[in-house]
Amino acid sequence: MPQLRLTGRGLWITALIVPPLAFVALFVVYPIISAFAYAFFDWNGLLRGEFVGLDNFHTVLFVEPYASWTRNAFSHNIIVFFALMVLQNGLGFFLAYALWRELPGARFHRIAVFLPVVLSTIIVGYLFKLFLHPLFGVVNISLRGMGLGELAQPWLGQSSTALWALIAANAWHMVGFPTLVFLAGMQRIPTEMLDAVRMETRSEWVKITKIVWPLVAPSATVVFVLLFVGAFNWFELPYVMAGLDGSPFGSTDVLGLYFYRTAFGNVSSGQQDFGLGSALAVLIFLFIAVIAGLITVRLRAREIQL
Amino acid sequence: MPSTIIRIGAALAAMSVAAPAMAQDLTFWSWRQEDRAQYEQFIDTFEAANPGITVTLETFEATNYNTILATALAGGSGPDLMMVRAYGGLESIAVPGYLEPLTTETVPALADYTPEALAAETVRADGKVYAVPFASQTQLVIYNKKIFDDAGLSEPQTWDEFMALSQKLKDSGIIPIANGTATAWQNETVTFDFVSSLMGKDFVADIMSGETDFTDERFTSALAALKDLSQYFPDGFIGLDYASAQQLFSSGMAAMFGGGSYELATFRAQNPDLELGVFAAPGRTAEDEKLVALYFDGGYAANAAGANKEAALKFINYLASTEFGQAFADNLNNISTAPGVTFQDPLLAEVAELNATSIPYLFLVNFRYGEPSGSVLIQSEVQKLFAGETTPEAAGQAITDGLKVWYEPFQD
């Protein structure tokens, strides 16, 4: 029979658990639930109107101009996710491998690779805006200096380059994170196993594909899921570098910017609409939760316990 | 003796009961944090002339002001007096009935305001004025007088002169026009800074009356001219943001900047040595009217549910007066909309003069009442035009089609 009497220990545990639980309930659970509720009402600015059921969801998904804005923003999130998967996580893996093999200067590079991660996104955004400045930016000046003047571009002003410029800035900023996680995973691989491989083959490629990659699967799960969530919640960097409108003409628009514009309005839009904004937020939340769940389950299944 | 005490006590009690009725406290909300000191002065002037009424100013951050005000009004804790936005921004709080309608009976000075100014603070559905408009902004061309003088140039009278003058500046190694269009809203401003005169008053009148749409040749040919003019913008201007463009001009690297009258103060602050001039970009021939684009910033409104409405209206009347308008223009360097104001600052006087021949800043004034707003459409279409991803005709078509969703005159 378990004792329900509050002992000193029980009191302690209660006292420690209740405040954070209340905090989470108040500031995380409650806002999420109220956003759910908001999405089912008609809004006149910040004034709640009548209950409209699924109308707001229908509008953002199927009624023009919202439908094409939603599709446009969503497609950019998908591009960002896959591009960063290669540029950020892929490069991160190979950087981690190089650091783990202790190539010359590994100690310096370990710090250098991770350093940008500690910078604020706002700073990185402004920094890259300066780098990519059409007249004085270091990118265009270097290109001109190397005699490649015709490659100098207004990077952030063209639909063909703007999104990729943002992706590159993000990859530069965050590549240290997957590197660090993969490196930690690699350092857990037992040396006996590596010695055994060395007897069999001298090929680095075989070592990477047959031993290292399968054994860092838990790290991969973590960085993949975090990248997925990050790519679909992408906001700060596009906001700083391209502005709320996803300039130029929506070619850097992502769900985060689109949600913000819809719910809170911006200088050049008409009315703010909390109902449509909330409906978007709910859709984004559900999409991320479901897909991130599936990815996690699938990736966990291939992890090998050491 | 005790009777004296009782008498004093009774007098005190009577005073404490009467006091709230005598002294009327009003709250006044504003988004102009930077103008706080000047507004305190205006309020002092009012309080000196109206003993018994006190006005307390509260200022909020501009970008969040609408949200804060709308929430407070909806929750019944709004201020007695407030600055409100114009056009669509006014409607969002006036339509739910939070604002006291103003008439020429309650605010006689309104009779002398221009119809355009009053229209900015009028709800389209009921035709009532809800606020006293306080300032106008003008979209025009700002230029560096020194560069013009050194190159022996003068304000252009025709579009061809404008192009030739820009070419001359470019040949001498000066950036003719500083604007960059990576910042979305700059695409809307440059359109009206440079090609308002090419669109012409008739086109705007026809648009307002629903007789034509943006596929009109007068509009598309103006866009074509704008695209042509953009060869005199900085290299890679489509990737240049607003702040960088301003710096190109204020540092003296560029000769002209298409901007608003609100920019003059910024340029003076960035470079006090700059000699500024303003002109309205020319039409095709010297006879064509040179037009600037005009809009109104916002107004002063009273709370319909305020407790001291009579006192609030007194303050509104003060804000609508020429006396206040003059103080506003002198102290805040803004174009006051109050009738009979004269401008000491020569640049402001010139802007006020240019305002006499103007068209409305069309997309803000008439097309921000639905989604997608006309501003969003013209910004992205002009941005596409500059990037070479659309033609003037296709842009006009896209703007018309976009507006069709909610703008009834375009639906047929």
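The values are calculated or read from the model by the stated rules, or taken from the named source; none is laboratory data. Only a predicted model underlies this, so the values are computations on that prediction, with no experimental measurement involved. Cβ sites come from the backbone with ideal geometry, for glycine too, and all protein chains shown count toward neighbours.
Residue check, B:ILE316 against (1) out of contact with any strand residue (DSSP E or B) (no Cβ under 6 Å at 6 or more places or on another chain); (2) in the same structural domain as B:TYR87 (by TED's automatic domain parsing), all met but one. Which one?
Status for B:ILE316: all satisfied but (1).
Of all the residues that make up the range B:229-253, how many are closer than 27 Å to A:LEU244 by Cβ, more than 9 Å from every other protein chain (Cβ to nearest Cβ) and not in a helix (DSSP H, G or I)?
1
Confirm whether A:THR201 is more than 12 Å from chain B (Cβ to nearest Cβ) and at pLDDT below 90.
Spelling it out, A:THR201 is indeed more than 12 Å from chain B (Cβ to nearest Cβ) and at pLDDT below 90.
Can you tell me which residues in the range B:194-214 are surrounded by 17 or more Cβ atoms within 10 Å (Cβ to Cβ) and more than 19 Å from B:ALA164 (Cβ to Cβ)?
Matches in the range B:194-214: B:SER196, B:MET199, B:GLY200, B:PHE203, B:VAL204, B:ILE207, B:THR212, B:ASP213, B:PHE214.
Take the range B:267-318 and flag every residue that is touching an Asp or Glu at 6+ places or on another chain (Cβ under 6 Å) and assigned to a strand (DSSP E or B).
Within the range B:267-318, B:VAL278, B:PHE279, B:GLY299, B:ALA302, B:ASN303 qualify.
Kindly check whether there is at least one residue in the range B:388-399 that is within 11 Å of chain A (Cβ to nearest Cβ), touching a Phe, Trp or Tyr at 6+ places or on another chain (Cβ under 7 Å) and aliphatic (A, V, I, L, M).
The answer is no; no qualifying residue exists.
Which pairs do you get when a residue that is under 14 Å from B:TYR300 (Cβ atoms), found in the range B:322-337, comes within reach of a residue that is part of a loop (DSSP other than H, G, I, E, B) and basic (Lys, Arg), reach meaning Cβ atoms under 9 angstrom, with the pair 6+ apart or on two chains?
B:LEU332/B:ARG32
Within the range B:42-62, can one find any residue that is within 14 Å of another protein chain (Cβ to nearest Cβ) and out of contact with any strand residue (DSSP E or B) (no Cβ under 8 Å at 6 or more places or on another chain)?
yes
May I ask you to say which residue of B:PHE267, B:PHE249 is touching a residue at least 60 places away in the same chain (Cβ under 8 Å), surrounded by fewer than 20 Cβ atoms within 10 Å (Cβ to Cβ), in the same structural domain as B:PRO392 (by TED's automatic domain parsing) and within 23 Å of B:ILE335 (Cβ to Cβ)?
It is B:PHE267.
Being within 14 Å of another protein chain (Cβ to nearest Cβ), surrounded by 14 or more Cβ atoms within 10 Å (Cβ to Cβ) and within 27 Å of A:ALA231 (Cβ to Cβ), is that true of even one residue in the range A:105-115?
No, that holds for no residue.
Check A:PHE259, A:PHE249 and return the single one that is buried (at least 22 other Cβ atoms within 10 Å of the Cβ), within 14 Å of chain B (Cβ to nearest Cβ) and either touching a helix residue (DSSP H, G or I) at 6+ places or on another chain (Cβ under 8 Å) or in contact (Cβ under 8 Å) with a residue 60 or more places away in the chain (or both).
Residue meeting the stated conditions: A:PHE249.
Taking the range A:33-78, which residues are assigned to a helix (DSSP H, G or I), charged (D, E, K, R) and more than 22 Å from A:LEU257 (Cβ to Cβ)?
Listed by number, the list holds a single entry, A:ASP55.
Please give the number of the condition A:GLY293 fails out of (1) in contact (Cβ under 8 Å) with a residue 40 or more places away in the chain; (2) part of a helix (DSSP H, G or I); (3) surrounded by fewer than 19 Cβ atoms within 10 Å (Cβ to Cβ).
(1)
Just for helices (runs of 4 or more DSSP H) wholly inside the range B:46-130: which have at least 1 residues that are modelled with pLDDT of 90 or more?
Hits in the range B:46-130: B:115-120.
Among residues belonging to the range B:382-412 that are of a type in the set (Asp, Glu) and in a helix (DSSP H, G or I), point out the one that is farthest from B:PRO234 (Cα to Cα).
B:GLU408
Just to verify a result, which residue in the range B:78-108, among those that are away from every other protein chain (no Cβ under 14 Å) and more than 16 Å from B:THR122 (Cβ to Cβ), is surrounded by the fewest Cβ atoms within 10 Å (Cβ to Cβ)?
Taking the candidates together, the pick is B:GLU105.
Looking at the range A:137-179 only, could you name the residues that are loosely packed, with under 14 Cβ neighbours inside 10 Å and either touching a Lys or Arg at 6+ places or on another chain (Cβ under 9 Å) or in a helix (DSSP H, G or I) (or both)?
Once the filter is applied, which keeps residues that are loosely packed, with under 14 Cβ neighbours inside 10 Å and either touching a Lys or Arg at 6+ places or on another chain (Cβ under 9 Å) or in a helix (DSSP H, G or I) (or both), the range A:137-179 yields A:VAL138, A:SER142, A:ARG144, A:GLY145, A:GLY149, A:GLU150, A:LEU151.
Could you list all residues from the range B:355-381 that are surrounded by fewer than 21 Cβ atoms within 10 Å (Cβ to Cβ) and part of a helix (DSSP H, G or I)?
Listed by number, the list holds a single entry, B:ASN366.
Taking the range B:190-228 only, how many residues are within 14 Å of chain A (Cβ to nearest Cβ) and either touching a strand residue (DSSP E or B) at 6+ places or on another chain (Cβ under 6 Å) or of a type outside the set (Ser, Thr, Tyr) (or both)?
Summing the residues that are within 14 Å of chain A (Cβ to nearest Cβ) and either touching a strand residue (DSSP E or B) at 6+ places or on another chain (Cβ under 6 Å) or of a type outside the set (Ser, Thr, Tyr) (or both) in the range B:190-228 gives 2.
Out of the residues in the range A:222-239 that are within 16 Å of A:LEU294 (Cβ to Cβ) and in contact with a helix residue (DSSP H, G or I) (Cβ under 7 Å, 6 or more places away or on another chain), which is surrounded by the fewest Cβ atoms within 10 Å (Cβ to Cβ)?
Ranking the qualifying residues of the range A:222-239, first place goes to A:VAL229.
For every residue, the table says whether it meets (1) under 24 Å from A:SER120 (Cβ atoms); (2) not polar (S, T, N, Q).
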| residue | (1), (2) |
| --- | --- |
| A:TRP155 | yes, yes |
| A:ALA168 | yes, yes |
| A:GLY176 | yes, yes |
| A:LEU180 | yes, yes |
| A:ASP195 | no, yes |
| A:THR201 | no, no |
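Of B:LYS314, B:LYS309, B:LYS384, which residue is among the basic types (Lys, Arg), modelled with pLDDT under 90 and either under 22 Å from B:ILE93 (Cα atoms) or crowded, with 16+ Cβ neighbours inside 10 Å (or both)?
B:LYS309
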